[in-house]
Structures are given as C-alpha cells and as structure tokens.
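Scroll down for the structure; my scribbles are underneath it.
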Amino acid sequence: MSAHPENISALIALLTGQGFQYWTVGTAALKSLGANVHVHQHELLTDATAEACLDFCKILGDLGHDIDFQLDSLNGRSVKDALFQRGLTVNAIAIAQDGAVIDPFEGVAHLEAAQVRTIQAPDTAFRKEPILLLKVAKLISDTNLTPSSEVRRFALRDSGNILDIEDRGRQWGIQINGLLEGKYISAALQWLHDIRVLGFIMPEIAAMVDFEKSCKAHHKDIWDHTKQVTQKTAQNLTVRWAALCHDIGKVWTRTVSRNGKVHFFRHE
C-alpha cells in the first residue's frame, strides 16, 4: 500500500493507539490496488464511535493537520453493511489495516473491467437512492470509469428522481463539488447531460449544449469549450465553479451583425 499523507498517518496513529480498527475506502482504496485514479479526499471507516471520530478530528485540527479527509463510524453496522450503503460496487471495496481486501460486491472485477455498476439492481437502484445519479458522476470524475449499459439505461429512465432528494440543494452541492475536484470532469459532466440530470439541477449549464446549432451564423461549441476549460483549470473549487459558469451568459446575449458575425456583448 502506498504511503499515507501526513494527516492520514496521524489519524491512523490516533485510531490504532486507542485500539480502534480502520478500513480505507473510496478512491484511496482503489489507488492502493494500483488503479490510476484521482484521490482528492481520503475516506476511512472505523469501529470508533461517531463521538470519538469528532474528537479525533478536533485533536488533529488542534495539532495543525488539515481535516481534508472523511472519517465515518460503523455505528454498530458490519463492514459489509456499511459498504452496501455506498451504493456503487467499485466504491464498496475496503482495505483493512492489515492490507486484506474486502470486496463483497465484486467491485474489484468491475474495476478491472473499468465499469461503474450499482450494488442494487440498476432497475431499482436510482429509484431507491436517486443521489446515486450524482455519485456515479463523481466516481467518473475521479476514475474515468464507464457506466455499464444497464446503469446508463436505467439512470436515463429514472433521472427525474433527482428532484425527490430530501435537502436536495445541499446534497446536490456536495456531489457536484466533489465532481469538480476530480480529474475527469469532462466525462462526468457529459454523463450528467446524457442522462438528463444536468437539465434538472443546472439548467443554465444545460442550455449551452448544442447552443451553436440554434444559429445559422457559425460560432464555437460553448458546451465542449466549457468542459475543456473546467477540466484544465487548477484544482481549486472556486476556480472550477467559475470555469463551469463562465460562458452561461452567452445563451442570453448572442447577437448576429449584418455581416453575419456573432457577438456575445456583456455575456460576462
């Protein structure tokens, strides 16, 4: 397993020093298996209580460590039950502290096949857990894996369920922020468009898709341009939001001069 960042090493020392177990999950687990993935946040499961997890985070903060990790308590669940709640097979791989691989849902096989699959049957998964529509996008952004044909078909069918999420604004924001911190943003954004979720959650962004085809005068594809710009910017969340939104004003400001030249005055 690859060496941990200093803050994760300090966290592990706290956990094991108090006799608690931990399991590495998420993209950090995939990276330890040799996958070429982007890890922007380390995720750990532990048998420590939720209260103890908060205490450990406070201790690390007081010691000057960055708290840019996610520490989740099992809260009485089995490791398998905790992994089941992660929704996607590749996300449900855990690496125990002794290096043992825990893979109850065939995530390793799906990782090797470069596919995204749901733990529950895809014809019901997005109805039971609509947030998975966005979690797939986040996983694509981190891994560049491709959703299986079944996942794609039923995600498209059930895309409207994204509107049924409780506290949806906050939940949408968490997942989109995670997507924008990834490495393969263009593929993830295209997935959201392909399954119609983009139009539900960010209609101003979706309006850019094929916008150039609605005008006889030629101008560039601002959707493709936006995806490229957002992916190429520095890995800073504020900058990436700015890149994602920088051309949305063009949809409302396009004009065509008498000589056929296209302008977007005041689109900024």
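The values are calculated or read from the model by the stated rules, or taken from the named source; none is laboratory data. Nothing here was measured: the structure is a model prediction, and the numbers come from that model. Note: ideal-geometry Cβ built from the backbone for every residue, glycine included; neighbour counts use all protein chains shown. Note: accessible area is taken over every heavy atom of the protein model, side chains too, but ligands, DNA and RNA are not part of it. Shrake-Rupley method; radii C 1.70, N 1.55, O 1.52, S 1.80 Å.
Quick notes on this one:
- The mean sequence separation of alpha-carbon pairs under 8 Å and at least six residues apart, normalised by the residue count of the chain, gives a relative contact order of 12 percent.
- Taking VAL256, VAL116, VAL25 in turn, the Gaussian network model of the chain (Cα-Cα springs below 10 Å) assigns the largest fluctuation to VAL256.
- In a fully extended conformation the segment linking ALA242 and VAL101 would gain 46.8 nm over its present Cα-Cα distance, using 0.36 nm per residue.
- Eligible lysines near LYS213 by straight Cα distance, threshold 27 Å, same-chain separation 8 or greater: LYS227, LYS232, LYS250, LYS261
- For the range 1-68, accessible area per residue (1.4 Å probe, heavy atoms of protein chains only), Å²: 50 Å²
- The largest accessible area among LYS261, LYS227, LYS216, LYS31 belongs to the first residue in LYS216, LYS261, LYS31, LYS227, and the rest follow in falling order (1.4 Å probe, all chains).
- Projected onto planes of every orientation and averaged, the convex hull of the alpha-carbon atoms in the range 87-241 covers 10.7 nm².
- If only the Cβ of Lys and Arg carry +1 and only the Cβ of Asp and Glu carry -1, the dipole of the range 114-268 around its Cα centre is close to 460 debye.
- Given the chain, longest segment not containing exposed loop chymotrypsin sites (Phe, Trp or Tyr not before Pro) (DSSP; at most 16 other Cβ within 10 Å): 1-263
- Accessible surface of the range 90-203, 1.4 Å probe, proportion on carbon and sulfur as whole %: 48 percent
- GLU51-LYS216 FRET efficiency (beta carbon distance; Förster radius 51 Å; 0.05 resolution): 0.20
- Dividing the mean sequence gap of close Cα pairs (under 8 Å, 6+ apart) by how many residues the range 38-130 holds gives a relative contact order of 21 percent.
- Each Lys and Arg adds +1 at its Cβ and each Asp and Glu adds -1 at its Cβ; summed about the Cα centre, the range 60-201 shows a dipole of about 560 debye.
- Beta bridges per DSSP, both residues in the chain: antiparallel share near 60 percent.
- Calculated on the alpha-carbon coordinates, the convex hull of the range 191-261 measures out at 97 cubic angstrom per residue.
- Under 20 Å from the Cα of LYS220 - aspartates and glutamates, other chains or at least 8 residues apart: GLU204, ASP210, GLU212, ASP247, GLU268
- The heavy atoms of ARG152 present about 90 square angstrom of accessible area, all protein chains included, probe 1.4 Å.
- For the range 65-101, the residues whose amide N sits under 20 Å from a probe point set 7 Å from the Cα of ASP194 along the beta carbon direction are 88-91.
- Rolling a 1.4 angstrom probe over the range 1-57 with all protein chains present gives an accessible area of which 50% lies on carbon and sulfur atoms.
- Scattering curve values for the chain, log₁₀ I(q)/I(0), Debye with Cα scatterers, q = 0.10 Å⁻¹: -0.58
- Listed residues ALA243, PHE84, GLN21: farthest to the positive end of the dipole of the chain (Cβ charges): ALA243
- FRET efficiency, HIS225 to GLN70 (Cβ-Cβ, R0 41 Å, nearest 0.05): 0.80
- GNM flexibility winner over the chain from LEU133, LEU63, LEU244 (Cα, springs under 10 Å): LEU63
- Over the range 183-268, relative contact order from alpha-carbon pairs under 8 Å, at least 6 apart, %: 24 percent
- Heavy atoms of the protein chains alone define the surface here; on that basis the range 153-268 has 55 Å² accessible area per residue at 1.4 Å probe size.
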